């Protein structure tokens with residue numbers, strides 16, 4: 001039973017055909033309302049253009065080369081990735097400017113990075129002196145130059161150096177390290193994105209901005225220019241854009257909008273509405289043996305519940321209450337809700353990024369018909 | 001930007017090579033301790049053989065043809081699947097006996113089923129008269145015969161008819177439906193599997209068994225024989241096995257054991273220990289800028305947290321406290337815990353089934369070296 005079992009193409013069959021009515025899509029399937037998606041892309045790009053800040057959308061949200069190339073075509077300077085293998089998959093598919101907004105640790109990954117440097121404009125983050133040394137050695141031995149950003153922890157308490165002094169020290173190390181070029185600062189506050197109340201969210205973002213400015217100013221005083229200061233997400237980007245500190249935004253989820261982001265509130269207390277829900281999981285009612293419950297074919301392997309249950313789109317009388325591996329349980333909250341076996345429902349995922357990663361195909365529709373079948377190019381790219 | 005973009009093989013590169021030391025595996029990776037896995041397989045098969053009940057392990061847990069074929073080689077009568085496309089992938093890889101323990105609803109899926117019938121012994125569940133009619137029509141038009149089980153809701157309140165009378169009515173419909181053969185009853189109580197306290201778990205299982213017996217007896221009294229009564233999971237199988245009602249067990253998780261199952265208690269109040277943890281997510285410490293926190297490269301896309309956070313295996317001083325898309329945050333709970341950048345840690349997933357579905361490869365090791373690279377054959381098979 002041991003031994004290497006090779007296998008053929010393991011990508012699954014698309015759940016739809018181009019031109020088919022939306023109702024013919026097999027389920028569960030990942031569905032994209034192309035008009036809403038394009039509206040979102042134009043909206044944020046238009047904002048960035050108007051303010052005069054670069055937009056580098058995060059591709060960890062979609063992992064899809066077709067979307068990355070479209071974002072760039074619409075004006076984005078490039079995309080962000082989170083993993084080296086994710087960057088490699090998108091570069092393979094034609095994306096030419098990728099910022100890995102993450103530390104790359106371990107020899108095999110750094111070797112992979114070295115091989116990608118000549119194929120695209122490539123940038124990574126560092127927050128550790130040993131890692132700087134490892135990156136430098138690998139790039140030098142391959143005769144390559146890698147762009148490097150010092151990551152600063154501006155509130156997420158995850159990756160990134162804690163103090164301006166550590167950032168300065170690391171920037172100095174990068175500046176003299178063979179094979180590395182110092183680009184600037186990565187300063188993303190993940191935790192600020194989902195603070196519901198506007199003023200609290202703004203306060204968290206402003207705190208991150210103040211810390212970033214202090215680090216930039218210290219480096220500047222020491223004669224080190226931060227050409228790029230990168231950060232901001234769908235929940236906080238207006239603040240980074242207005243700061244005068246950041247030079248590029250990294251928003252990802254704005255193209256899809258999930259249930260979690262839609263819970264954020266505007267300054268006037270209303271739910272934010274600047275972007276539209278464009279991403280759905282299409283699911284079928286596969287069992288209905290009780291008057292108060294409906295079972296659909298989208299469970300944990302079809303929709304991520306880490307940020308809460310999905311919403312049933314456009315159906316006030318149904319509520320997704322529980323997910324098991326392959327089943328979703330919906331409560332019928334209004335007894336007269338018309339729902340029968342075989343009905344198709346659209347779910348808005350609680351969290352778009354890990355949901356997209358469960359699928360091989362993104363099914364785009366327009367005017368009720370399937371208009372695009374896009375591979376989720378970097379699906380499962382974990383390395 | 002619209003249009004069909006085809007793509008090449010999207011399966012990711014294996015994170016290891018056969019023969020390499022375990023420490024060389026790239027991360028995050030799904031790792032299988034082959035000795036522990038084989039011990040688990042033998043343990044439950046030995047139990048089933050001794051009791052004289054058939055074992056049909058659930059392949060939704062592993063989705064891996066190499067494991068399915070090994071389970072059958074060790075004595076299993078076949079495997080269970082949850083999706084038609086999952087069954088198709090395993091049949092394609094050589095598995096010849098599959099029970100889809102689920103309703104198959106909608107014309108494209110039923111058509112796919114009809115094409116599989118001649119390639120393997122195949123069985124599905126029904127809980128709805130219209131679905132019986134649809135299955136019958138499709139099988140008749142293809143000149144095929146499909147084995148059908150009536151699913152009874154024995155406590156999970158998900159799929160399955162609610163009463164013995166409905167089961168009888170559905171069995172009668174199946175018996176006279178062209179193209180269908182009535183096999184017996186599907187009676188699985190998912191909710192009973194994770195009841196921690198032994199007597200409560202036993203009570204839930206016994207309630208399910210009593211209901212199943214009542215349905216079987218009613219059908220028997222009406223002259224309808226239930227050749228097969230199928231159910232039981234890793235948390236409840238001793239009760240179904242001892243019942244005299246069930247003819248086959250459907251345990252899945254026993255081969256891996258996850259954190260959630262390991263929280264179940266034995267009759268004496270101790271945590272169950274009958275099966276060993278064999279499945280791990282190998283992860284690397286990729287950032288450590290604070291004394292009390294470690295960041296690893298396995299987040300939501302590498303380990304499912306729907307049933308709780310993963311455990312850090314063999315490291316009492318570290319606790320996995322939070323997952324974001326590509327990062328796991330670990331608290332250092334004992335200040336002297338030796339942990340540095342680049343260290344590899346083994347995580348025991350909170351829930352094995354959806355975690356396995358995130359990976360293309362299962363890396364088997366023995367005596368500290370990689371001994372098997374198994375494709376997760378039915379990864380992402382949602383249809």
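Computed from the coordinates by the stated procedures, all read-outs in this text should not be read as laboratory data. Please read all numbers here as calculations on a predicted model, not as lab measurements. No Cβ is skipped: glycine too gets one built from the backbone with ideal geometry, and neighbour counts run over all protein chains shown.
Would you mind giving the mean number of other chain beta-carbons within 10 Å of the Cβ of each residue in A:99-111, as a whole number?
4
Sorted from shortest, what are the nm distances separating the label point of residue B:207 from equivalent points in the other copies, each placed 7 Å from Cα along Cα to C-beta?
Going from nearest to farthest copy, the values are 4.6 nm.
Counting other beta carbons within 10 Å of each Cβ, put B:96, B:377 in order, fewest first. Mind dumping the intermediate values first?
Numbers: B:96 14, B:377 26.
Ordered from fewest to most neighbouring Cβ atoms within 10 Å, B:96, B:377 come out as B:96, B:377.
Between the helical axis of A:198-221 and the dominant principal axis of chain A, each derived from Cα atoms, what acute angle in degrees is found, rounded to the nearest 10?
20
So, in nm, how far is label residue B:50 from label residue B:163 when the simple model puts each one 7 Å beyond its Cα toward the Cβ?
4.2
Taking the Cα atoms of chain A, report the difference between the largest and smallest coordinate on each principal axis, in whole Å and largest first.
Sorted from largest, the Cα extents of chain A read 70, 60, 37 Å.
Give me the Å³ per residue figure for the convex hull around the C-alpha atoms of the range B:74-197.
Hull volume over Cα atoms, normalised by residue count, gives 117 Å³.
Quick one: order A:104, A:356 by neighbouring beta-carbon count within 10 Å, fewest to most.
Listing A:104, A:356 from fewest to most nearby Cβ atoms yields A:104, A:356.
Which residue, A:90, A:249, A:218, tops the fluctuation ranking in a GNM of chain A built on C-alpha contacts under 10 Å?
Answer for the Gaussian network model of chain A: A:218.
In whole percent, what relative contact order does chain A give with Cα contacts below 8 Å and a gap of six or more residues?
This gives 22 percent for chain A.
Just to be sure I understand: with springs between alpha-carbon atoms less than 10 Å apart, which residue in B:29, B:210, B:68 has the highest mean-square fluctuation in the Gaussian network model of chain B?
Comparing B:29, B:210, B:68 in the GNM, the peak value goes to B:210.
Do the sum for chain B: with -39,500 (n - 2.57) for every DSSP H run of n ≥ 4, divided by all residues, what is the mean residue ellipticity at 222 nm, to the nearest 500 deg cm²/dmol?
Mean residue ellipticity, 222 nm, calculated: -9000 deg cm²/dmol.
Using only Cα atoms, locate the centre of the range B:105-161 and the centre of the range B:165-192, then give the distance between them in Å, rounded to an integer.
10
Based on the alpha-carbon gyration tensor of the range A:34-262, what equivalent-ellipsoid semi-axes (square roots of 5 times the eigenvalues) come out, in whole Å, largest first?
27, 23, 14
Residue A:331 to residue A:121: FRET efficiency via 1/(1 + (r/R0)^6), r the Cβ-Cβ distance, R0 35 Å, to the nearest 0.05?
0.10
Just to be sure I understand the model, the point goes 7 Å from the Cα along the line to the Cβ. What's the resulting residue B:366 to residue A:271 distance in nm?
Inter-label distance under the simple model: 5.5 nm.
What distance in nm separates the simple spin-label points at residue A:145 and residue A:130, each placed 7 Å from Cα in the Cβ direction?
If labels sit at residue A:145 and residue A:130, their model points lie 3.0 nm apart.
Note the angle between two axes, namely the Cα long axis of helix A:164-176 and the longest principal axis of the Cα atoms of chain A, as a number of degrees from 0 to 90, rounded to the nearest 10.
Between the helix axis and the principal axis of chain A, the angle is about 70 degrees.
Using the Cα atoms as the points, what is the convex hull volume per residue of the protein assembly as shown in Å³? Intermediate results must be reported in sequence, preceding the final value.
Working: hull volume 116.0 nm³, N = 766.
It comes to 151 Å³ per residue, whole-number rounded.
At residue A:335, label 7 Å along Cα→Cβ: distances to the other copies, nm, ascending?
Distances between equivalent label points, in nm: 6.3.
Build a GNM of chain A with springs between Cα atoms under 10 Å: which of A:76, A:371, A:203 gets the top mean-square fluctuation?
Most flexible of the set in this elastic network: A:203.
Can you give the FRET efficiency for residue A:222 and residue A:92, using 1/(1 + (r/R0)^6), R0 = 45 Å, r = Cβ-Cβ distance, to the nearest 0.05?
Working: r = 39 Å, r/R0 = 0.87.
Result of the calculation: an efficiency of 0.70.
Among B:321, A:163, rank each residue by its count of other Cβ atoms within 10 Å, from fewest to most, as a rough exposure measure.
In increasing order of surrounding Cβ atoms, one gets B:321, A:163.
I'd like to know how the range B:255-382 sits against the 2.2 N^0.38 Å rule of thumb: what's its Cα Rg over that expected value?
Working: Rg = 15.2 Å, N = 128, 2.2 N^0.38 = 13.9 Å.
Taking N as the residue count of the range B:255-382, the ratio is 1.09.
For residue B:119, place a label point 7 Å from Cα along the Cα-to-Cβ direction in every copy; what are the distances to the other copies, in nm, shortest first?
3.3
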